[in-house]
Amino acid sequence: MSSRRPRSWQSSSASRITDEQINDLVSKLQAVLPEARIRRSDRVSAAKVLQETCNYIRSLHREVDDLSERLSELLASTESSSAQAAVIRSLLM
Amino acid sequence: MESKSYTTGSRDNANRNLEGSKTLMASHFLRALFRIQQTSTTRSSFAGRRRRIRRAAYASMAYSAGTRRAWSRALLRKLRSRARLRFPRRLSRAARPQRGDTDQAQVLRKLVPGGPGMDYCKLLEETADYIRCLTTQVRLMQTVMDSISS
């Protein structure tokens, strides 16, 4: 696992945060990434986890944009009450 | 017919909180969605409706997490100030170099609401929660889409 340490914090004596804590947080982050991006069982560098995290968040933002657009089209073409009933029904199932 | 509700799938006790916030997210988003549909006229633009839906998506995320997380507090502030919801945005505050900080962390800070104000550890923590919430919201929107179009 990469342990590249920026010079900036090596001199900080006030910090109580351990490498172990950081590694723990990084692996927790790895755990919320989809398996397709990083296998949870793999030991990956923190840098890789961060990179995949950024990519994943960007793709999620794009999905929100895309779904907003498609929902906008759907709402325009659908009669109100039937849409409401269908949605509520499916979410309660 | 597959009846997979987007709320199923969480098993252990630690996820009780998540279940509650998922319900909150759904009800908020649905109400906003139908309000948008009812107040949209034939004159209102497609782009305007799409913007409102997108805004409703981030609003329901923020309200479901409430004030418990730094990212949701930052999102709520943005929503209330009626500011444009943009990711990434230019760093408004220079972040102090932190332990374990890398260029990649700086990139991440631009993608997570409230990121620029967080130290490295906080950023990692908040990001994990933000992703969980984002994926839930995306699944919610997909479910809504599927049920309206079927």
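Read the figures in this text as sums done on the coordinates, not as results from a lab. In this text the structure is predicted, and so the values were computed from the model without any measurement. Neighbour counts run over all protein chains shown; Cβ positions are idealised from the backbone, glycine included.
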Quiz prompt | Under 21 Å from the Cα of B:Lys110 - lysines, other chains or at least 8 residues apart | solution = A:Lys28, A:Lys48, B:Lys78, B:Lys122
Quiz item: Want the number for B:Ser150 to B:Ala47: 0.36 nm per residue separation, take away the alpha-carbon distance, what's left?
Solution: 34.7 nm
Quiz item: On average, how many beta carbons from a partner chain sit within 10 Å of the beta carbon of a residue in B:115-126?
Solution: 3
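What is the average number of partner chain Cβ atoms found within 10 Å of a Cβ in B:46-57?
Values: counts 4, 2, 1, 7, 10, 2, 2, 10, 9, 1, 2, 6.
Per-residue shielding by partner chains comes out at 5.
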Practice problem: Any chance you could run the full-extension gain for A:Ala47 through A:Ala76? It's 0.36 nm times the residue separation minus the Cα-Cα distance, nm to one decimal. | Solution: 6.0 nm
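Shielding of A:36-49 by partners, i.e. mean partner chain Cβ atoms within 10 Å per residue? Kindly include the intermediate steps, with their values, before the conclusion.
Numbers: counts 0, 0, 0, 0, 0, 0, 0, 0, 0, 0, 5, 4, 1, 2.
The per-residue average across the peptide is 1.
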Quiz item: So, by mean Cβ neighbours within 10 angstrom, what's the order for B:120-126, B:78-84 with the highest one leading?
Solution: B:120-126, B:78-84
